[in-house]
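**Student:** Questions regarding the structure given below will be posed in turn.
The values are calculated or read from the model by the stated rules, or taken from the named source; none is laboratory data. What you see is a predicted model; the values in this text were computed from it and never measured. Cβ placement follows ideal geometry from the backbone for every residue including glycine, while neighbour counts extend to all protein chains displayed. When the accessible area is computed, the model is the full protein with side chains, heavy atoms only, and any ligands, DNA or RNA have been set aside. Shrake-Rupley method; radii C 1.70, N 1.55, O 1.52, S 1.80 Å.
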Amino acid sequence: MTLAWRHLQRALRLEISSPRIPKMCPSLSRAFWTSVTKLGVHTKPRMPPCDFIPEKYQSLAYQRVLEINNRHLYPPRTAYFAEPLLLHQGHMEWLFDHEGNRYLDFFSGIVTVGVGHCHPKVNAVAQKQLGRLWHTSPIFFNLPIHEYAEKLSAILPEPLKVIFFTNSGSEANDLAMLMARAHSTNIDIISFRGAYHGGSPYILGLTNVGYFKMELPGAAGCESTMCPDVFRGPWGGSHCRDSPVQTIRKCSCAPDCCQAKDQYIEQFKDTLSTAVAKSIAGFFVEPIQGVSGIVQYPKGFLKEAFKLVRERGGVCISDEVQTGFGRLGSHYWGFQTHDVVPDIVTLAKGIGNGFPMGAVVTTPEIAKSLAKRRFCFSTFGGNPLACAIGSAVLEVIKEENLQENSQEVGTYMLLELAKLRDEFEIVGDVRGKGLMIGIEMVKDKMSRQPLPPEEVSQIHEDCKHMGLLVGKSGIFSQTFRIAPPMCITKPEVDFAVEVFRSALIQHMERKAK
């Protein structure tokens, strides 16, 4: 007997005989019957082909790896899944574990591997530079840092032309925070609730995700304000987002007018009036919030917010650690999608395709303000190997049209995932832009209460068992985060969507028991 028929028989028994299941139970919606029929074709979606053959794993036994992890690595329990994956090799959008199992990577090492795992061109450049010169420190010139600085500055708008190289996003945001205060001579900095800007002690004051916070005193002068979340926040409608997919919340706004944006701007003004000094240092913002679950703001919000911040003497900082380098498709940088030019931009993750690297880009005036107050130095920032890899990443994005691919394939995926939202009651929202996508899980669409974490985790596990790796995030760990390497194809999207549909059906089966 096929799994599909077992689904069907169980559903019939429940709907006919069980007094505890209401007739309009969400788990037995129209989507259930459609999905059961589709699942009957194959219980495990067929994975697209891959012409890469991984090397055979010949190292530590899995149990020994677990022992080392639990004894020596901190924190020991950060890995996904009840049985964490031991990854052995990667090739473009594919990952292989120690047993040779293949997985489609739809999370890119937390939104980091932009051009593909072990991309041949990036590998070749890294190996060549590795044999020539690894490290000099900034006290000597080296060609890769100068070549890369020129290439990077060329794809950023005026007046963002001065670059400070770092080793991570947290370090970049630390430095940007210092720049804002040095230039403005003010202290207070605002960030959104739900923002993630890093985990170092200094920048942690601007990170407003509960499970990253500490009971110890944080950085002074950091103030949070309401995130203009048009799905979970108090205001939102059907025209708010710069996305192919809008919320299911209804509104009476004309397409060129957004009452939700106006309401959230009033909240931002209230923060400026009551929670900070009359003059402020700045405003940190992710063009799309990542860790909080790919949260998008109303169109036009950031443009008004930037104006208000600058009127108070502050500078505007765009945290492009996750949104930069073409991932959003329509534009190279996330801030461009909001029609703004920030005063400082911070970069990491995709800048080196997984190689530890970060950068802060700012104006000559702000750079001079910092130079007057301190000597800025990083031993490893901008080392020859990192900059050679950074240059190769920029070249691959351009040569392989990866920004355009993000736009085309990302839009296709958003529209396909939106069909699942329409089919399944527990899929509350599908949102995003390009290849930065969130799927928010709820108990039901009416209440928008988050699906319990244990249920989200089981769906997550089911996807892994079928060969798909996605991220999990959100304030309540209720959102699946999708951010694959930008080289993915539509057939791979079709596979991923079918896996997710199958995982949702398995979830319904468990709930129906």
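**Student:** I'd like the residue in the stretch 313-334 that is within 17 Å of Leu206 (Cβ to Cβ) and more than 14 Å from the chain's Cα centre (by Cα) and, out of all such residues, is surrounded by the fewest Cβ atoms within 10 Å (Cβ to Cβ).
**Tutor:** Selected residue: Cys316.
**Student:** While we're on this one: Which is assigned to a loop (DSSP other than H, G, I, E, B), aliphatic (A, V, I, L, M), at pLDDT 95 or above and crowded, with 18+ Cβ neighbours inside 10 Å, of Val309, Val245?
**Tutor:** Exactly one residue qualifies, and that residue is Val245.
**Student:** Another question, then. Which numbered condition in (1) out of contact with any Phe, Trp or Tyr (no Cβ under 8 Å at 6 or more places or on another chain); (2) under 23 Å from Asp494 (Cα atoms); (3) among the small types (Gly, Ala, Ser) is the only one that Gly352 fails?
**Tutor:** Among (1) out of contact with any Phe, Trp or Tyr (no Cβ under 8 Å at 6 or more places or on another chain); (2) under 23 Å from Asp494 (Cα atoms); (3) among the small types (Gly, Ala, Ser), Gly352 violates only (2).
**Student:** Please go through the stretch 357-408 and give me each residue that is in contact with a Pro (Cβ under 9 Å, 6 or more places away or on another chain) and in a loop (DSSP other than H, G, I, E, B), ordered by number.
**Tutor:** Thr363, Phe377, Ser378, Thr379, Phe380, Gly381, Gly382, Asn383
**Student:** Do the conditions hold for Ala254, that is, is it over 27 Å from the mean Cα position of the chain (by Cα) and either surrounded by 24 or more Cβ atoms within 10 Å (Cβ to Cβ) or outside any strand (DSSP E or B) (or both)?
**Tutor:** Judged against the criteria, Ala254 is a match.
**Student:** Also: Looking at this structure, is Lys511 in contact (Cβ under 8 Å) with a residue 60 or more places away in the chain, under 23 Å from Arg46 (Cα atoms) and basic (Lys, Arg)?
**Tutor:** So Lys511 does not fit the description; no.
**Student:** Would you pick out the residues in the stretch 409-448 that are farther than 23 Å from Ile110 by Cβ, open to solvent by less than 10 Å² (accessible area, probe 1.4 Å) and assigned to a loop (DSSP other than H, G, I, E, B)?
**Tutor:** Answer for the stretch 409-448, where residues must be farther than 23 Å from Ile110 by Cβ, open to solvent by less than 10 Å² (accessible area, probe 1.4 Å) and assigned to a loop (DSSP other than H, G, I, E, B): just Phe424.
**Student:** Only one of (1) over 21 Å from the mean Cα position of the chain (by Cα); (2) buried (at least 23 other Cβ atoms within 10 Å of the Cβ); (3) over 30 Å from Ile397 (Cα atoms) fails for Arg181. Which number is that?
**Tutor:** (2)
**Student:** Pairs please, first residue from the stretch 352-365 and of a type in the set (Phe, Trp, Tyr), second anywhere and open to solvent by less than 50 Å² (accessible area, probe 1.4 Å) and modelled with pLDDT of 95 or more, Cβ atoms under 7 Å, 6+ apart in sequence or on different chains.
**Tutor:** Taking only residues 6 or more apart or on different chains, the pairs are Phe355/Ala386; Phe355/Ile389.
**Student:** Follow-up question, since we're still on this one. Six or more apart or on different chains, Cβ atoms under 7 Å: show the pairs whose first residue is in the stretch 257-273 and assigned to a helix (DSSP H, G or I) and whose second is hydroxyl-bearing (Ser, Thr, Tyr).
**Tutor:** Every condition considered, the pairs that remain are Gln267/Thr225; Phe268/Thr225; Thr271/Thr225.
**Student:** Name every residue in the stretch 148-173 that is crowded, with 24+ Cβ neighbours inside 10 Å and either β-branched (Val, Ile, Thr) or part of a helix (DSSP H, G or I) (or both), in order of residue number.
**Tutor:** The answer is Tyr148, Thr166, Gly169, Glu171, Ala172, Asn173.
**Student:** Related question: Across the stretch 57-80, what is the total count of residues that are polar (S, T, N, Q), farther than 19 Å from Gly100 by Cα and surrounded by fewer than 14 Cβ atoms within 10 Å (Cβ to Cβ)?
**Tutor:** Result for the stretch 57-80: 2.
**Student:** Right, Ala124: assigned to a helix (DSSP H, G or I), surrounded by fewer than 22 Cβ atoms within 10 Å (Cβ to Cβ), of a type outside the set (Ser, Thr, Tyr) and out of contact with any Ser or Thr (no Cβ under 8 Å at 6 or more places or on another chain) or not?
**Tutor:** Considered against the rule, which asks whether it is assigned to a helix (DSSP H, G or I), surrounded by fewer than 22 Cβ atoms within 10 Å (Cβ to Cβ), of a type outside the set (Ser, Thr, Tyr) and out of contact with any Ser or Thr (no Cβ under 8 Å at 6 or more places or on another chain), Ala124 comes out as yes.
**Student:** Can you find a residue in the stretch 278-287 that is within 22 Å of the chain's Cα centre (by Cα), at pLDDT 95 or above, assigned to a loop (DSSP other than H, G, I, E, B) and of a type outside the set (Lys, Arg)?
**Tutor:** Yes; the residues of the stretch 278-287 include at least one that is within 22 Å of the chain's Cα centre (by Cα), at pLDDT 95 or above, assigned to a loop (DSSP other than H, G, I, E, B) and of a type outside the set (Lys, Arg).
**Student:** Which one of these is free of Cβ contacts under 8 Å to residues at least 60 places away in the same chain, open to solvent by 50 Å² or more (accessible area, probe 1.4 Å) and not aliphatic (A, V, I, L, M): Gly131, Gly199?
**Tutor:** Gly131
**Student:** In a loop (DSSP other than H, G, I, E, B), more than 16 Å from Met466 (Cα to Cα), modelled with pLDDT of 50 or more and under 25 Å from the mean Cα position of the chain (by Cα), is that true of Pro76?
**Tutor:** Spelling it out, Pro76 is indeed in a loop (DSSP other than H, G, I, E, B), more than 16 Å from Met466 (Cα to Cα), modelled with pLDDT of 50 or more and under 25 Å from the mean Cα position of the chain (by Cα).
**Student:** Which residues, counting only those in the stretch 312-339, are part of a helix (DSSP H, G or I) and either closer than 22 Å to Leu178 by Cα or β-branched (Val, Ile, Thr) (or both)?
**Tutor:** Correct list: Phe335, Thr337.
**Student:** Anything in the stretch 482-497 that is within 19 Å of His460 (Cβ to Cβ) and either open to solvent by 40 Å² or more (accessible area, probe 1.4 Å) or modelled with pLDDT under 95 (or both)? List them, or say none.
**Tutor:** Selection gives nothing.
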